[in-house]
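Read through the structure below, which is laid out as structure tokens, and then see the notes.
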Amino acid sequence: MTEAPTTPPTSTPIGDPVEAIVRAAESALTVRRRYQFFVWTQSYLSRLIPHQLAVCGSYDRASRELLFDVFNSVSLDPALMDALGDARSLLMQHWQARWLEARGRPAVIETADLAFTSLAPVRDALQAAHFHTVLVHGVSRPQRPQEIESFFVFASQDGPTLAALSSRLELLIPHIHGAWQRVQAVERDVGLPGAPQAPVVRAAGVTLREREILGWLREGKSNQQIAEELGISALTVKNHVQKILRKLGAANRAQAVAQAMSLQLLDRPATPPPRPRLLP
């Protein structure tokens, strides 16, 4: 089995992106599964294009439309999640149209420009998450620019920095496209009849505390950092993580987070109801 890409060395100078671009391109070739793509975006790609939201779409021949996956490291409104994952939503149609208007170049779009009345709820949800700017790019079929093969949306809470990185995205788009297309092909093959099937994961088996820890894992926190956030010991966190891996059938933390995202465990409220107060 191909190993997931590892986190890039911290010695790579962030101010000089040349080596980081080379490393990102090389490591993209190792990406085969969805969880590996998630690790790659959170490590190599995020060094070059910092983001807390990535929406990745690939054209599906069977359904004849783009199918989208959403990777987010901050909590988002459920209605916004639905719109981001739906190729037919007005939001995704609008962003694709803006990219086509840019003649296939990276497009910087202000979320305040979502002036349609029907888009007001998702616009407000984007801005509530401090996503005031998105950067979109994709790949169209040769000689047929209107036929989109893949489409990507990146959003950062630091909008001005993201907006200045369109040239980097232009350099990286062939590698992002290639990695995501490879993921789609491999995931389809795994799902073919007769192929080894992944164990069925039951979301109900994951407790509120484990979902809370999964949220911290998604943000890349260590056991010690999570322990400090929750006021428990690092050993207790380690035990929770081991239980999470078993329940989700995951080999590592990144795969567990990707599995949790696919089950929408991280999009539901993870806080238990308040305990009743005892009267004096």
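The values are calculated or read from the model by the stated rules, or taken from the named source; none is laboratory data. Bear in mind the structure is a predicted one, so any value in this text is a computation, not a measurement. Backbone-built Cβ (ideal geometry, glycine too); neighbour counts: all protein chains shown. Just so you know, the surface numbers come from the protein's heavy atoms only, side chains and all, with ligands and any DNA or RNA stripped out. Shrake-Rupley method; radii C 1.70, N 1.55, O 1.52, S 1.80 Å.
A few notes on this one:
- Set of aspartates and glutamates with alpha-carbon distance to Lys247 below 13 Å, sequence-local pairs under 8 removed: Glu210
- Near the amide H of Asp60, within less than 5 Å, lie the amide hydrogens of Glu65, Leu66, Leu67, all on another chain or at least 5 residues away, with H placed in the peptide plane.
- Centroid-to-centroid separation of the stretch 59-98 and the stretch 105-156 [C-alpha atoms, Å]: 10
- Share of carbon and sulfur in the accessible heavy-atom surface of the stretch 83-140 [1.4 Å probe, %]: 51
- Per residue convex hull volume, Cα atoms of the stretch 23-169, in Å³: 119
- Convex hull of the stretch 51-132 built on C-alpha atoms - directionally averaged projected area, nm²: 5.6
- Taking the average, over residues, of other Cβ atoms within 10 Å as the packing measure, peptides 53-59, 75-81 rank 53-59, 75-81 from highest down.
- The stretch 24-136, relative contact order in percent, only Cα pairs under 8 angstrom and at least six apart counted: 18
- Mean accessible surface per residue for the stretch 17-100, computed with a 1.4 Å probe while every protein chain stays in place, in Å²: 39
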